[in-house]
1. Are there any pairs with C-beta distances below 7 angstrom linking a residue in the range 321-343 that is within 17 Å of Ile434 (Cβ to Cβ) and open to solvent by less than 10 Å² (accessible area, probe 1.4 Å) to a residue that is among the acidic types (Asp, Glu) and at pLDDT 90 or above, with the two at least 6 apart or on different chains, and if so which?
2. So if I check each of Ala152, Ala118, Ala99, which one is among the small types (Gly, Ala, Ser), in a loop (DSSP other than H, G, I, E, B) and surrounded by 15 or more Cβ atoms within 10 Å (Cβ to Cβ)?
3. Residue by residue through the range 732-773, note down the ones that are over 19 Å from Leu669 (Cα atoms) and not hydrophobic (A, V, I, L, M, F, W, C).
4. For Leu768, are the conditions met, namely being modelled with pLDDT of 85 or more and not basic (Lys, Arg)?
5. Within the bounds of the range 495-510, is there any residue that is open to solvent by 30 Å² or more (accessible area, probe 1.4 Å), over 30 Å from Glu623 (Cα atoms) and not aliphatic (A, V, I, L, M)?
6. Mind checking whether some residue in the range 136-148 is in contact with a Lys or Arg (Cβ under 8 Å, 6 or more places away or on another chain), under 23 Å from Leu211 (Cα atoms) and at pLDDT 90 or above?
7. Taking the range 675-689 only, how many residues are open to solvent by less than 40 Å² (accessible area, probe 1.4 Å) and under 18 Å from Trp818 (Cα atoms)?
Amino acid sequence: MAHESLRTLADLVSGFAARADAPVVHEFRRDGRRTVRYGELAQDVRGLAAGLSEAGVGPGDFVLLWAPNSPEWIASYFAIVLTRAAAIPLDNQSAAESAAGVLAHARPKVLLTTAAHAEALAAAPALRDTRVFLLDADETDERSVRRLHRPARDLPPPHADDVASLLYTSGTTGTPKAVPLTHANLLANVAALLEAKLVRASDRVLMPLPLHHTYPFTIGLLTVLGTGAALILPSGITGPEIARAAMEARATALLAVPRLAVALWEGVESAVRARGERQTRLFFRLLDFSIAVRRHTGLRLGKLLFRAVHARLGKDLDLIGCGGAKLGADLEWKLEGLGWRVLTGYGLTETAPVLTFNRPGAVRLGSEGRPLPGVELRIDPVPGQAHGEIVARGPNVFAGYWGNPEATREAFTADGWFRTGDLGWLDEDGYLHIVGRSKEVIVLPDGKNVFPEDVEKAYAQSPLFKEIAVLEHQGRLAALIVPNDDEVRRRGAVRAAALLREELEEVAQRLPPYQRVGQYRLTRQPLPRTQLGKLRRHLLPDIYARSDAAEAAGPPEELSEEDRKLLETGVTAEIWRWLGERYPGRPLSLETSPQLDLQIDSLEWVTLTLELEQRFGVTLSGEAVSRVMSLRDLLREAAQAPAAATPAAAPPPDVQEPGPLLAALGVLLFAIARLLMRTLYRFDAAGVERLESDKPLVFTPNHASFLDPLAVAAALPWKRLRKTYWAGWVGIMYKGPVRRLVSRATRVLPVDPDRDLAAAIRAARALLDRGYDLVWFPEGRRSPNGKLEPFQAGIGVLLEGSDAEVVPTAIRGAFEAWPRDARRPRLGGRIAVTFGEPLAVGALERAAAPHERRPEAIRCALERQVAALLGEAAPASAE
């Protein structure tokens, strides 16, 4: 049917007969699949419309449609509008309270729903005046919608200005408004999209999005049916369910939202990385090449270069349409580079919904496209904002909110343009660029404007953050974070809290100061979102107020047989009772995170694993502890752990005394390091005369630069240097054969604080017992700003009960010579090393407060000593 003849949705239904035998819906269910044809759909629509009309539904009435996507949902919608009534499509995942509120507000004559929803609403007072019919009941049930069907008959045709949909939209603000869209509003969008030939009659469009929302409804349903194409409804929204539907129905197009597009890319990336580092490098080089060719020539090589990727969703899939929220330009280019066509647009429920889109042959990636035919856009200035508000008018724009004149007045300018609430700009070719929502802009006390989406995108690039939401809290930029447990485990769960904090600081260095998150809280629950994936920001402050890293997850509703066994039998049952005694007053459950909920830090993990050995004979390796993200994980690892064994007295092979050849190489390397430090920099060492002790010495320098070990090596007397070991992070010092060789030659003790700090501490104690000196950087990482960072727990555990002496050590100038964010050192500056007075560990222990743990007292005392040598105030404790 030509789009010019589409005046009402009844005209769309009339066109079904011309393609009666063509498939209209491929519906996938968990128990199988069915195909509905256009002729069957037309028959269902007309039969149900006749039944609704006989039941008294007519012009001006409302019918509430509350059910999941299905052919029955589609038939019900068209049947409603054929009676000249208006459909109220409701989110299938809405709570019963929300549905009851819509019932009370709109007073629909009929409710078309499912048995489960009807039961949930049974007590709603407003339901007394509404007839209920069930879409999922068979004809034996008197409330089945099939019992409502009547022989098809001609009904008075709807008018173009009849309301077809009344859409309740709380969106992200939490203020429900009823948006009436007429047949003319909806078909203005459909006509423009048909004109652009987004979809052909031979296409099969995969539609995992909910039809109650106007974006998938208008573009994914009305436009597809207007073209004569087929719709594919997957059985769910998980990756396997979508992939199954795409493959079996041979989808040619996918209607998506940004979160689905992100999931698609992450699935591809994850599969590639699982194949190893070499394959990953090759993949990204090919992707960069494909993107470059696409940018400069318009050619798409992705389908040829990435055939294995396309095989996962079917080789027929060509187009990805993405709306509902802004899709980042970087992700657009990645998907284009992989060989798909990506089309994006912009609009709102109030505009039915499309205002602009990137049409085939006129795509500008990174923009939201140009206005539809008949749509006009204007950018109105906003005081205090660099960009103005987007305002619009056109045949698709609604007339005003139903029953809410005040909201309607606020929604339109004095000259009748609809105020979108979004900020943006139009480029010289008329393409729209969105900056953010005016109502979501965070204005900080210093007057800086922050768009939370921009900040979230910067932090969300870290794989450690599964979700992140930015908000304002007490005048500062704050964040709610859902950690990615899998990535935390991969890096080592022992220091989960520290890993997350350090990652936030790392990302912050790449942002302007006013965009850096100043405080954060962790939550174990998914962040609240609309069905299309937008954050419901009005709920964030309350969640932030209630969220606390120390807040344990509640008990599970039901215990599996495996969980019951862990809690009730064997050694794990004893450990569970002991954990309850060890953490009194804390509501423990199997979901409780030791690091995030109980705040178990590196020191506590060392103590905890030692107690498990002593009390229960359970030895947890560092690898086992690194996998623990919940108490369930802890009990499982304990159940599988070998019986406790006496630790070996000697350090592991990597820290044995190097042989003659390695020792000679080490001497040469140290000689070179000393020569470089003393010739390339104005080098000075003070306090060397204090190092005459006969006892083993533990040096505790501040750490701000890669030059720090070289500076200490240049300052130490040869007599000390030749018997000194160096604590070094395995991620740098033992990465690759060359670094391993250098590290063994220079006596570097491998330390992995994220996985097995206890093993490193045992090895270090063994070295001290054998008379070696040790250099240990207590901060655990390089300072991001040159200031002393809080000392980590390991130094206190290492020194507790030791006969060694500790030498507080201060390094100045190394940060200026090679700061953390610089790729190479700057030459010619001054670097100085100062050794403090050696301190007996026993004296540090005796200085502990009555209830203070001795390792904590040692840590704090050394932190103060090094800070004093640097002339700084001691930092606030972090762990």
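The values are calculated or read from the model by the stated rules, or taken from the named source; none is laboratory data. Since the model is a prediction, treat every value here as computed from it, not as a measurement. Note that each Cβ is placed from the backbone with ideal geometry, even for glycine, and that neighbours are counted across all protein chains shown. All accessible areas refer to the heavy atoms of the entire protein, side chains included, with ligands and DNA or RNA removed. Shrake-Rupley method; radii C 1.70, N 1.55, O 1.52, S 1.80 Å.
1. From the range 321-343, the pairs are Val342/Glu332; Val342/Glu336.
2. Ala152
3. Once the filter is applied, which keeps residues that are over 19 Å from Leu669 (Cα atoms) and not hydrophobic (A, V, I, L, M, F, W, C), the range 732-773 yields Asp752, Pro753, Asp754, Arg755, Asp756, Arg762, Arg765, Asp769, Arg770, Gly771, Tyr772.
4. Spelling it out, Leu768 is indeed modelled with pLDDT of 85 or more and not basic (Lys, Arg).
5. So far as the range 495-510 goes, yes, one or more of its residues are open to solvent by 30 Å² or more (accessible area, probe 1.4 Å), over 30 Å from Glu623 (Cα atoms) and not aliphatic (A, V, I, L, M).
6. Yes, that holds for at least one residue.
7. 3
Yes or no, residue by residue, for (1) in contact (Cβ under 8 Å) with a residue 60 or more places away in the chain; (2) surrounded by fewer than 18 Cβ atoms within 10 Å (Cβ to Cβ):
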{"residue": "Gln385", "(1), (2)": "yes, yes"}
{"residue": "Glu389", "(1), (2)": "no, no"}
{"residue": "Tyr401", "(1), (2)": "yes, no"}
{"residue": "Pro405", "(1), (2)": "no, yes"}
{"residue": "Arg419", "(1), (2)": "no, yes"}
{"residue": "Gly424", "(1), (2)": "no, no"}
{"residue": "Gly430", "(1), (2)": "yes, yes"}
